[in-house]
2 protein chains.
Amino acid sequence: MVSLASQAARRQPQESIDPILSLSARDMARVNELILAMAGSNVELIPEIARHLISSGGKRLRPMLTIASALAHGYDGDHHVKLAASVEFMHTATLLHDDVVDESDMRRGKRTARTIWGNQASVLVGDFLLGQAFKMMVEVGSLDALAILSAASAVIAEGEVWQLAAAKTMTTTEADYIAVIDAKTAALFSAATEVGPVIAGKGEAERQAMRGYGRSLGLAFQLVDDVLDYGGSAAALGKNTGDDFREGKITLPVIVSYERGDAEEKAFWQRAMEDGENDDAALAHAKELMQRHDALEETIARARSFGEDAYRAAASLPISPAREAMLGVVDFCIERLN
Amino acid sequence: MVSLASQAARRQPQESIDPILSLSARDMARVNELILAMAGSNVELIPEIARHLISSGGKRLRPMLTIASALAHGYDGDHHVKLAASVEFMHTATLLHDDVVDESDMRRGKRTARTIWGNQASVLVGDFLLGQAFKMMVEVGSLDALAILSAASAVIAEGEVWQLAAAKTMTTTEADYIAVIDAKTAALFSAATEVGPVIAGKGEAERQAMRGYGRSLGLAFQLVDDVLDYGGSAAALGKNTGDDFREGKITLPVIVSYERGDAEEKAFWQRAMEDGENDDAALAHAKELMQRHDALEETIARARSFGEDAYRAAASLPISPAREAMLGVVDFCIERLN
């Protein structure tokens, strides 16, 4: 089996993402058409906000994974396009609501919808997109796919509430945190890939492999994001570095630093995350402490470990361009660190 | 056919609502159990907010209508309970998001969730309840019912965005307004009743009758609400009278007053609704103008007319306690004015 480490050593991020881009290009063109059509409305504000989101440079990783997972299981129908568009709408609705909840001003280097059109429109347009997502799923007519995606929808929201409630307390453990990102990030990746074998008429073994692939990939993806939030530059990331810190979001690098810190350092983290003492000087100090305790390296190690799990799950697929594409996505998620 | 007017003349609101309360009592006990179970979560904040909403004294009209509509079509299975709970969750999720969008502090005489737990939790718990609603619908396994309810979900949000965009301009016409409440209120009533014949295995004629009943009832219900917002007392209504006025919500009484007003009055409405000059003195003047132009009477007449439509649609049902219950609900909606 080709190992993740060797792949990572010899490829650049673009080389790793290219296979899924090529594989899904034709279907993704149809996904994008469907997204534009389903974001249409006589209520002008809806397509206006939708266009902003659509043009905001997301990679559309999740719908590409739905396409790849369906193709990897020999699916040759049309339903994967609708499910992929549903997955992207669910993701977009979550982003709209997240930005309201987190009071974020920037995402992917662009102003968030809420700073342009207000929180009210962001909440309601998110609801609209979620409704449209379910309409498309119903059109596909697979109750199994509907069960997977509707369960994910509830789990994602539950994870967000959990994070909201847990965000401001340093008693959050690593296990707590993994449970939160399992819900708020990994659940949609997992659902996006599990519906592939479902519409291809495959059984529980194939579903379980894809569920596992999506989950592990999602966890790795989120942990890499957490590292980038303390490591990248705002320009490269298209997102403000230190956002998580300023929002009091307790991510794995913070938890590791806290656990490994002495009493004085623990007191610093409490002031920063619980009491909101999170100015630029505090952020700089936080980064110092992370370096002192190898907190980013530890988080990267966890991400790589989840990446290996995802790799093994996809490696169980029959050899095909779709399998290669799904393996490449794992590398891509990790290589974003370079 | 028994006419709405004669019913209204001889009955009190409680007498009209009693038949559906009795009819649905046993099933609604199961709906309530299911609601509590599905609002459960390890994330404490979720059941906490859910309990607040559940105990906040809503009449649960929509799920009762789903029960009654299923029974009116001879349904003797279990699925109406899950669909009724789904309908109530959809409604509750909408209320949570509405209160955030409208910045409302009170609903049904109690503090809104957002004033107790914040806008963030209200947005996310609303999302969670919507996800749980879809999970229950999927468990029922009727793609037709899913199509009806998911379409309603998108339409409701679309109507809310429309209202948000149209709220502050006096160019809103009566037709615009009916279109808004058709989406934001009538769509859920309509879906709640249409799923009855669907799970009972009935055909398009029965579905159409119930769709029409729910829609007309929902329109009548909303127009009566609009009148009560300028007519009742805060204590009786459990809601602040004048809320719509203070929020710049252009409802039918405002539209009628504006259309019938002279230039000076039109200027007053523009200042009040568009520029936010809506203090207590302005509200008192608004009520005077409504009286001068019979705006509340005109709105009531429209509500009665929609009520008659609902009445006719339900009267097409075979005679049964469920039919009586559904006719009674129409009277109840109108009689709330007394």
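Key figures
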| read-out | value |
| --- | --- |
| Calculated FRET efficiency for the pair B:R51/B:A25, C-beta based, R₀ 35 Å, to 0.05 | 0.95 |
| Segment B:R111-B:D280, extension gain: residue separation times 0.36 nm, minus the distance between their alpha carbons | 58.7 nm |
| Charge dipole (debye, nearest 20) of region A:11-335; +1 at Cβ of Lys and Arg, -1 at Cβ of Asp and Glu | 940 debye |
| Relative contact order for chain A, counting Cα pairs under 8 Å that sit 6 or more residues apart, in percent | 25 percent |
| Net charge contributed by nearby residues that have their C-beta within less than 13 Å of A:Y258 (K/R +1, D/E -1) | -4 |
| Between helix B:61-72 and chain B: long-axis angle, C-alpha atoms, 0 to 90°, nearest 10 | 40 degrees |
| Between 0 and 90°, nearest 10: helix B:143-166 axis offset from chain B longest Cα axis | 10 degrees |
| Spatial separation of Cα centroids for region A:269-338 and region B:64-91, in angstrom | 47 Å |
| Per-residue HN-Hα couplings for region A:206-216 [Karplus 6.51, -1.76, 1.60; θ = phi - 60°; Hz; x = Gly/Pro] | 5, 4, 5, 4, 6, 4, x, 4, x, 4, 5 |
| Nonlocal amide H pairs with A:R107, under 5 Å, H built at 1.01 Å | A:T112 |
| Rounded, prolate or oblate (a/c below 1.5 giving rounded, otherwise prolate when a/b exceeds b/c) for the protein assembly as shown by Cα gyration tensor | prolate |
| Charge tally in the Cβ shell below 13 Å around A:E298, where Lys, Arg are +1 and Asp, Glu are -1, A:E298 excluded | -1 |
| Positive-end residue of B:A154, B:A200, B:L45, charge dipole of chain B with Cβ unit charges | B:A200 |
| For B:E247, distant residues with modelled amide H under 5 Å away | none |
| Shape of chain B, Cα gyration tensor, a/c cut at 1.5 | oblate |
| Net charge dipole size for region B:103-256 [Lys, Arg +1 and Asp, Glu -1 on Cβ; Debye, nearest 20] | 420 debye |
| Calculated label separations, A:D294, copies of the chain, 7 Å along the beta-carbon direction, nm | 8.5 |
| Degrees between helix A:295-315 axis and first principal axis of chain A (Cα, 0 to 90, nearest 10) | 20 degrees |
| Dipole of the protein assembly as shown, positive direction: furthest Cα of B:A295, A:A179, B:L188, with charges on the beta-carbon | B:L188 |
| Surrounding net charge for A:R215, when Lys and Arg each add one and Asp and Glu each subtract one, Cβ distance under 11 Å | -2 |
| Estimated vicinal HN-Hα couplings, Hz - region A:246-255 in sequence order (Karplus 6.51, -1.76, 1.60; Gly, Pro = x) | 5, 8, x, 7, 8, 10, 4, x, 5, 4 |
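Readers should treat all values here as calculations from the given coordinates under stated rules, not as data from a laboratory. What you see is a predicted model; the values in this text were computed from it and never measured. Quick reminder, even Gly has a Cβ in these numbers, built from the backbone with ideal geometry, and neighbours come from all protein chains shown.
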